[in-house]
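Notes to accompany the following structure.
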Amino acid sequence: MFREDLRKHWEDGLAIFLKDYDSCGYKFQPSGAPCTVRGRENHKRHIHSSEPRLDRPSKSQEMAGDFQPRRLWKPEQKAQWLEGLEQAFTDVYLLAFQDADGGNPAELIRDHRRGGHERHHEVWKAIKSNKTCLACLQSVPDHVLACGHSYCGRCVQDLVGTPSRSYESAFELSECVLCGGGSRSTPKKVRLKPRCAGVRLLSLDGGGVRGIVELGVLLAIQKDIGLEVPIGELFDLVVGTSTGKRREGPFPPRGTILPANLSSYPSQAASWPSLSVRAANP
């Protein structure tokens, strides 16, 4: 699995690290202070700063010179490094799937992942990203906790959250596995789409009488479901034009059951708010 599916990603990641993040190995004399410029592309001269993480760090020492790699990364060194990664991956894989002793492999993997993050809470407190889910390093995060760390839907489901007792495909996030922050008394609630669900979009056309036709279709859908489910709960986003978005339009607010008799529709619709674009499940 590693050689066929993952090795190329590790090699690409190493190339990006060496280009943008590898530290220069030069040390100023006689103090021995290291050059704090990271990335070969960013290195113009040797600079030591006591606050290198700031956007504009102060320069306590500076000297002309080319980037000096800390490691030569010869082909044999690169191969040895990748072999070590492959062995570490194999060890974790075998630990999860061959040494389960009758346990659930998914739970073992979850425990290993959580344990790895929890051992480095102090490091993760200083690292945050809204572009990459730091729990898996594979997806874009959508769900942000109060501590500032954010997670993708998969990690919410498999690593961080616990299934909600109130909603289907919903999870409660009481603790950040990266930094340990959070609150068990007031956990963050996240509702995810079911695994096979698509985007439920309802577009309402205008044109007077066509609004009544749309209403009839929605009423038929609500009746066929037969569960007294408010029609607004069936859609993620509702948009409309002309009469489709006006107060007299055919779409009720969330939690409203459409009347079985269309003749009572105008009196009920008079109290519905005017909506041009509305997220049905915010």
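The values are calculated or read from the model by the stated rules, or taken from the named source; none is laboratory data. Keep in mind it's a predicted model, so treat the numbers as computed, not measured. Here the Cβ positions follow ideal geometry from the backbone for every residue, glycine too, while neighbour counts run over all protein chains shown. What goes into the accessible areas is simple: the full protein's heavy atoms, side chains included, and nothing from ligands, DNA or RNA. Shrake-Rupley method; radii C 1.70, N 1.55, O 1.52, S 1.80 Å.
Details
- Formal net charge of residues neighbouring Asp22 (Cβ-Cβ distance under 14 Å; K, R +1; D, E -1): +3
- Trypsin sites (Lys or Arg not before Pro) within the range 144-207: DSSP coil, no more than 10 neighbouring Cβ in 10 Å: Arg165, Arg184, Arg195
- Which listed pairs, of Lys19/Lys74; Lys19/Lys44; Lys8/Lys78; Lys128/Lys188; Lys78/Lys125; Lys8/Lys44, have C-alpha distances above 21 Å, in listed order: Lys78/Lys125; Lys8/Lys44
- Where GluC sites (Glu not before Pro) fall in DSSP loop in the range 120-209, at most 15 other Cβ within 10 Å: Glu168
- Phi angles across the range 3-8 convert, under the Karplus curve 6.51 cos²θ - 1.76 cosθ + 1.60 with θ = phi - 60°, into 3J(HN,Hα) values of 5, 7, 10, 10, 4, 4 Hz, Gly and Pro given as x.
- Sites listed here are chymotrypsin sites (Phe, Trp or Tyr not before Pro) in the range 58-167 whose DSSP assignment is loop and whose Cβ has at most 16 other Cβ atoms within 10 Å: Trp73, Tyr167.
- Pair Arg114, Ser139: separation of 7 Å Cα→Cβ label points (nm): 1.8
- Here the label points at Glu76 and Ser169, each 7 Å from Cα along the C-beta direction, are separated by 5.5 nm in the simple model.
- Surface composition of the range 123-242: carbon and sulfur make up 55 percent of the accessible area, probe 1.4 Å.
- Cβ-defined net charge surrounding Gly148, 11 Å radius [Lys, Arg +1; Asp, Glu -1]: +2
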